[in-house]
Amino acid sequence: MPVITAVLGDITTQDVDAIVNATNMAMRGSGGVDGAIHGRGGPTILRDCIARFPNGLATGDAGWTTAGSLPARWVIHTVGPNYRAGQRDRALLEACYRRALEVADELGARSVAFPLISTGGYGWPRVDAITAAIEAIADARSLVSEVRLVASGEAVYKQVRATLWVRCPPPVSTGTVGSLFEREPIQYSLRGDASLWRELRARFADTPLPDDWFTLRTLITHTIEQVVGEPLTNRESAPWHDSAAAIYLPEFDPGHGMSAGHVHLPWWLHTGVPILLDRYAALSA
């Protein structure tokens, strides 16, 4: 399975073997990612598209061309399904990622950067598009070793990263802060708390355990506050069932409704952080 990472940036500047272009069936350049790749890569890409694919490509299929002036060696073009036009078969969206990786294998590419296919003008719901991308790439039998999922905006990047850390959590080293998160609590307060737990596990996967519990508590607390955007103590007196104590984080919302995406600060202050400190104390006993 390729190592998948979330990247905040411009796909046209990715220094990888191949970048993936979300194009239309005609493959003659358009707007969005397609227009940006043709614009930065130059006319060589369009000439190659015309020569290699005179009849374009079918939805879900992929093919390669030169990368022109781009840092990459190749552009792998794929045609995503148009959700707004009624093309809502998720298998077509997943096929774009799978076929692009098959083409990458044919080229001998080992690093590939993808945009989120079909989420622009084609209107595929973002949450499902992110999940489909990660699942298709993670399940692919490919020789590609590195895959970047490139998001141009901060909010989308956070959502990709959060989903990725749930679906493909990074390995955690022994003797790290992340190792304290290996066993999840039996019950969380809200669904977003489970997502935050997994994000903290990933963030601390390689962070060595500090020498004392006070430093550990400060590190964990400050990181939680960085993620949620306010101090834990702001809502410490609120009971667990008080909805005013919950903070909604869009990146943790899988689109299931109810309490999805909500983090309950009192749970972290009175339950979550103490669990981690107890585990730290047990290691020192």
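Some points to look at:
Per-residue answers, yes or no, for (1) surrounded by fewer than 18 Cβ atoms within 10 Å (Cβ to Cβ); (2) over 11 Å from the mean Cα position of the chain (by Cα); (3) modelled with pLDDT of 95 or more; (4) part of a loop (DSSP other than H, G, I, E, B):
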residue	(1), (2), (3), (4)
V150	no, no, yes, no
T163	no, no, no, no
S173	yes, yes, no, yes
S179	no, yes, yes, no
P185	yes, yes, no, yes
D193	no, yes, no, no
R201	no, yes, yes, no
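- Residue among S111, S152 that is under 19 Å from G9 (Cβ atoms), of a type outside the set (A, V, I, L, M, F, W, C) and touching an Asp or Glu at 6+ places or on another chain (Cβ under 6 Å): S111
- Within the stretch 246-285, the residues that satisfy the criterion of being closer than 29 Å to P125 by Cβ and among the small types (G, A, S) are A246, G255, G257, S259, A260, G261.
- Residue count for the stretch 203-247, restricted to those that are outside any helix (DSSP H, G or I) and within 26 Å of V172 (Cα to Cα): 10
- Failed condition for P169, given (1) in a helix (DSSP H, G or I); (2) under 19 Å from the mean Cα position of the chain (by Cα): (1)
- Boolean, D278 is outside any loop (DSSP other than H, G, I, E, B) and either touching a His at 6+ places or on another chain (Cβ under 8 Å) or modelled with pLDDT under 90 (or both): no
- Against the numbered list (1) farther than 30 Å from C168 by Cα; (2) surrounded by fewer than 22 Cβ atoms within 10 Å (Cβ to Cβ); (3) of a type outside the set (G, A, S); (4) at pLDDT 95 or above, R28 comes up short only at (4).
- For the stretch 148-195, the tally of residues that are without any contact (Cβ under 8 Å) to a residue 24 or more places away in the chain, closer than 23 Å to H262 by Cβ and β-branched (V, I, T) stands at 1.
- Members of the stretch 119-147 found to be part of a strand (DSSP E or B) and surrounded by fewer than 21 Cβ atoms within 10 Å (Cβ to Cβ), listed by number: E146
- Tabulated pairs, the stretch 223-245, first under 23 Å from A205 (Cα atoms), second surrounded by 13 or more Cβ atoms within 10 Å (Cβ to Cβ) and aromatic (F, W, Y), C-beta under 8 angstrom, 6+ apart or interchain: T223/F204; I224/W268; L232/W268
The values are calculated or read from the model by the stated rules, or taken from the named source; none is laboratory data. All values reported here derive from a predicted model rather than from experimental measurement. Every residue, glycine as well, gets a Cβ built from its backbone with ideal geometry; the counts of neighbours run over all protein chains shown.
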